[in-house]
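Just below is one structure, and these are the notes that go with it.
The values are calculated or read from the model by the stated rules, or taken from the named source; none is laboratory data. Just so we're clear, the structure is a prediction, and the values are computed from it rather than from any experiment. In this analysis, Cβ positions are derived from the backbone assuming ideal geometry, glycine residues included, and neighbour counts consider all displayed protein chains. SASA here: full protein model, heavy atoms, side chains in, ligands and nucleic acids out. Shrake-Rupley method; radii C 1.70, N 1.55, O 1.52, S 1.80 Å.
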Amino acid sequence: MNGNGGPDAGETAARLAEAIRDASHCVAFTGAGVSTLSGIQDFRGKNGLYRTVDADRMFDLSVFREDPMVYYSMARDFIYGLEEKKPSLVHLVLAGLEGQGRLAALITQNVDLLHEKAGSKNVIEIHGSPARHGCRRCGYSMPFAEAAAVVREGTVPTCPECGVALKPGITFFGENLPEGAISRAIAEARRADLMLVLGSSLAVRPAALLPEYTLNAGGKLAIVNDMPTHLDRYAEFRLEDLSDTFRALAGEFGIEGGDA
């Protein structure tokens, strides 16, 4: 393992850039820490969502079925204020790396749509997405912008045909992860000779197991996170500060927006 965000962090970031250049199939895996740079709360950090609201109830499927307003009232700012959020330094650099052909795929635990907003194309959302809100009876679908406008007015988006509450495409507790997304994510993790694990404490399973597919296939891990993970001792690169690391990577690869 090399580096931990200390005095040699800049040197470690430079060596990480070289590893990205040398990789034949580099994949990124992102968690909530990436989006805290955009002003979005994470879940388990010192100021995380779990410390301020009952997040277990917010994303509980049985609670949603009983009273959808529990989710929509709690998520009003967290999810439905996303149109005001801008991609962070990390989002922009990852999109730039993909544009240069250096990043093959981006696997994310996040549901904030910021990777797409930054310009990333091959995004695998393993916890679903609020991009569409669907009717559980007839399959009617409402786009995020339309649903968000309703939620910000303090009401619940409903199906115009059935009159029932629409559910966002986010995976709630009590639901299986999207099968197609998980299958694609596992395939990409197995192919990766380098996986960038960014802003994730690797505490939520089964998503947290994905880097192990890379390790088991002989690939290397680069972990950048301000909290320990259970895979730190196996990482080829270990840094703590996402901003510093990605500012350095932006310079190494000539990606504009790296000073965001």
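Things worth noting here:
- A search for C-beta distances below 9 Å between a residue of segment 234-260 that is over 14 Å from Ile20 (Cα atoms) and open to solvent by 30 Å² or more (accessible area, probe 1.4 Å) and any residue that is modelled with pLDDT of 95 or more and acidic (Asp, Glu), counting only pairs 6+ apart in sequence or on different chains, returns Tyr234/Glu212.
- Per-region count, segment 54-92, residues of a type outside the set (A, V, I, L, M, F, W, C), open to solvent by 30 Å² or more (accessible area, probe 1.4 Å) and part of a helix (DSSP H, G or I): 10
- The listed residue being open to solvent by 10 Å² or more (accessible area, probe 1.4 Å), at pLDDT 95 or above and within 30 Å of Glu256 (Cβ to Cβ), out of Ala145, Ala95: Ala95
- Of all residues in segment 184-202, those satisfying the criterion of being under 16 Å from the mean Cα position of the chain (by Cα), surrounded by 23 or more Cβ atoms within 10 Å (Cβ to Cβ) and of a type outside the set (S, T, N, Q) are Ala185, Glu188, Ala189, Met195, Leu196, Val197, Leu198, Gly199, Leu202.
- Among (1) closer than 17 Å to Leu106 by Cβ; (2) in contact with a Lys or Arg (Cβ under 6 Å, 6 or more places away or on another chain); (3) among the acidic types (Asp, Glu) - the single one Asp232 does not satisfy: (1)
- In a residue-by-residue description of segment 141-150, the property of being under 18 Å from Asp77 (Cα atoms), assigned to a strand (DSSP E or B) and without any contact (Cβ under 8 Å) to a residue 40 or more places away in the chain applies to at least one position.
- Looking only at residues of segment 9-37 that are open to solvent by 60 Å² or more (accessible area, probe 1.4 Å) and either assigned to a loop (DSSP other than H, G, I, E, B) or of a type in the set (Phe, Trp, Tyr) (or both), we find that the one that is modelled with the highest pLDDT is Ser24.
- Members of segment 91-131 that are touching a strand residue (DSSP E or B) at 6+ places or on another chain (Cβ under 7 Å) and of a type in the set (Gly, Ala, Ser): Ala104, Ala105, Ser120, Gly128, Ser129, Ala131
- Scanning segment 223-233 for residues that are open to solvent by 20 Å² or more (accessible area, probe 1.4 Å), under 16 Å from Tyr213 (Cα atoms) and either among the β-branched types (Val, Ile, Thr) or without any contact (Cβ under 8 Å) to a residue 40 or more places away in the chain (or both) yields a single hit, His230.
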